[in-house]
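Everything on this sheet refers to the single structure shown next.
The values are calculated or read from the model by the stated rules, or taken from the named source; none is laboratory data. Only a predicted model underlies this, so the values are computations on that prediction, with no experimental measurement involved. Positions of Cβ are backbone-derived with ideal geometry, glycine not excepted, and every protein chain shown enters the neighbour counts. With ligands, DNA and RNA removed, areas are computed over all heavy atoms of the protein, side chains included. Shrake-Rupley method; radii C 1.70, N 1.55, O 1.52, S 1.80 Å.
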Amino acid sequence: MKKKLTILFGVLITLILCYLVVDYALFSGIRSKSINEKGFQGSYFTKENIENKTAVILIGGGVWGDYWAQEFAQKGLVGLSLPYSGKENLPRLPEEIKLEYFEKAIQWLAQQKSVNPEKIVVMGASRNAELALLIASTYPEITSGVIAYAPSSVSWSNTVLPYNSDTIKPSWTYQGIDVPYIPMKKIKGNNTSQITFLNYWEDGLQKSDIADNAAIKVEQINGPILLFSGLDDQVWPSAKMAHRIEERLKKHHFNFKLQNVKYKNAGHLISNIPEQRSENRLGTLNINGKTYTYNYGGTSDGDFKAKIDAKIKLTEYLLKLDAR
């Protein structure tokens, strides 16, 4: 028995040492700091002893946000991975989310020694890209640009997400007022095992007067905008909505640079972590107790090439902004 315990203890020590060695090898002076103060929650990534650098807020947080925040920190920038729902002391569902929550995070970030308060960029993917564009257009005095993967040109109601409330509500509010949105009925199931999305979103965009009112005022953004979309996005028409964003900016004689990058053979998964291939081409959605599959669009190779190229362009965008 004593011998077994000795062996077990030895194995445990070996594992701990291996972990410490790997951790030390991977560690490059970056540690994340959990923030749960000033009215927001987040994970703050920065190298020690840096000052006055460009910061990126990763809307939605999670694994995606933490990945990018650490990537930016490794390049000598600052990242804040920022969840806003689904966690303790945050709203349970992403509906009627107050934009003031993000204002608090931006203001806190601007006070950090490592951050240049005049170079704070907001970044998001899919519906979080919608939110990123909205935040930057609402707070142009404290933000300096946007990076949006698979973006939306408009704000949508809460009911576009099947797990949200059945009652149509705004997804976002500002100063106690609903941010104008396109009201949508929930996606319905069918007699097959598959479901498609594009017609659902197209029907909403065709409500011209409502869609115009719900359009994000991207011309108010106080900095360069970088958009990425897949031309074969089957989750929603991100390339079309990116085009709408571009047209609106032209109409309003936008003063900053816009890069509207569209990729062939790429779909909605271009927003995933770049180094990981997206071999699973189907997602699942439960509607009224029945599980359906849906297509993300694009191909594994198309998505992978798009993600790698997008990361290069994204890095160039940030380093150029930082050097200004």
Listed by first then second residue, the pairs whose first member lies in the stretch 117-136 and is farther than 14 Å from Leu80 by Cβ, whose partner is surrounded by fewer than 24 Cβ atoms within 10 Å (Cβ to Cβ) and aliphatic (A, V, I, L, M), with beta carbons under 7 Å and at least 6 positions apart or on separate chains, are Leu134/Val179
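Test Lys47 against the stated conditions and say whether it is of a type in the set (Lys, Arg), under 24 Å from Leu134 (Cβ atoms), in contact (Cβ under 8 Å) with a residue 24 or more places away in the chain and in contact with a helix residue (DSSP H, G or I) (Cβ under 8 Å, 6 or more places away or on another chain). Write out each step before concluding.
Details: of a type in the set (Lys, Arg): yes; under 24 Å from Leu134 (Cβ atoms): no; in contact (Cβ under 8 Å) with a residue 24 or more places away in the chain: yes; in contact with a helix residue (DSSP H, G or I) (Cβ under 8 Å, 6 or more places away or on another chain): yes.
No.
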Reported set for the stretch 155-173 where residues are more than 23 Å from Ile245 (Cα to Cα) and either surrounded by 22 or more Cβ atoms within 10 Å (Cβ to Cβ) or among the aliphatic types (A, V, I, L, M) (or both) is Ile168
The residue from Lys264, Lys251 that alone is charged (D, E, K, R), open to solvent by 50 Å² or more (accessible area, probe 1.4 Å) and closer than 26 Å to Trp68 by Cα is Lys264
Test Leu269 against the criterion of being in contact with a Phe, Trp or Tyr (Cβ under 7 Å, 6 or more places away or on another chain) and crowded, with 17+ Cβ neighbours inside 10 Å, and give yes or no.
yes
Within the stretch 168-195, the count of residues that are of a type in the set (D, E, K, R) and in contact with a Pro (Cβ under 8 Å, 6 or more places away or on another chain) comes to 2
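Residue-wise test of (1) open to solvent by 40 Å² or more (accessible area, probe 1.4 Å); (2) assigned to a loop (DSSP other than H, G, I, E, B); (3) under 25 Å from Leu198 (Cα atoms); (4) at pLDDT below 95.
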{"site": "Phe228", "(1), (2), (3), (4)": "no, no, yes, no"}
{"site": "Arg244", "(1), (2), (3), (4)": "yes, no, yes, no"}
{"site": "Asn286", "(1), (2), (3), (4)": "yes, no, yes, yes"}
{"site": "Gly298", "(1), (2), (3), (4)": "no, yes, yes, no"}
{"site": "Asp322", "(1), (2), (3), (4)": "no, no, no, yes"}
Of the residues in the stretch 192-214, those that are within 27 Å of Lys264 (Cβ to Cβ), open to solvent by 20 Å² or more (accessible area, probe 1.4 Å) and either in contact (Cβ under 8 Å) with a residue 60 or more places away in the chain or assigned to a strand (DSSP E or B) (or both) number 2
Of those in the stretch 49-84 that are in contact with a Lys or Arg (Cβ under 8 Å, 6 or more places away or on another chain), part of a loop (DSSP other than H, G, I, E, B) and at negative phi, the residue least open to solvent (accessible area, probe 1.4 Å) is Leu77
Selection status of Glu95, assigned to a loop (DSSP other than H, G, I, E, B) and among the acidic types (Asp, Glu): yes
Every listed condition ((1) under 19 Å from Ala214 (Cβ atoms); (2) touching a residue at least 40 places away in the same chain (Cβ under 8 Å); (3) open to solvent by 10 Å² or more (accessible area, probe 1.4 Å); (4) outside any strand (DSSP E or B)) holds for Tyr101 save (1)
Selection from the stretch 180-191 of residues in a loop (DSSP other than H, G, I, E, B) and open to solvent by less than 20 Å² (accessible area, probe 1.4 Å) yields Met184
Contact list, first residue from the stretch 253-281 and assigned to a loop (DSSP other than H, G, I, E, B), second anywhere and open to solvent by 50 Å² or more (accessible area, probe 1.4 Å), beta-carbon distance below 6 Å, six or more apart or interchain, is Lys264/Leu231; Asn265/Thr299; Gly267/Asp232; Gly267/Gln234; Pro274/Ile308; Arg277/Phe304; Ser278/Asn272
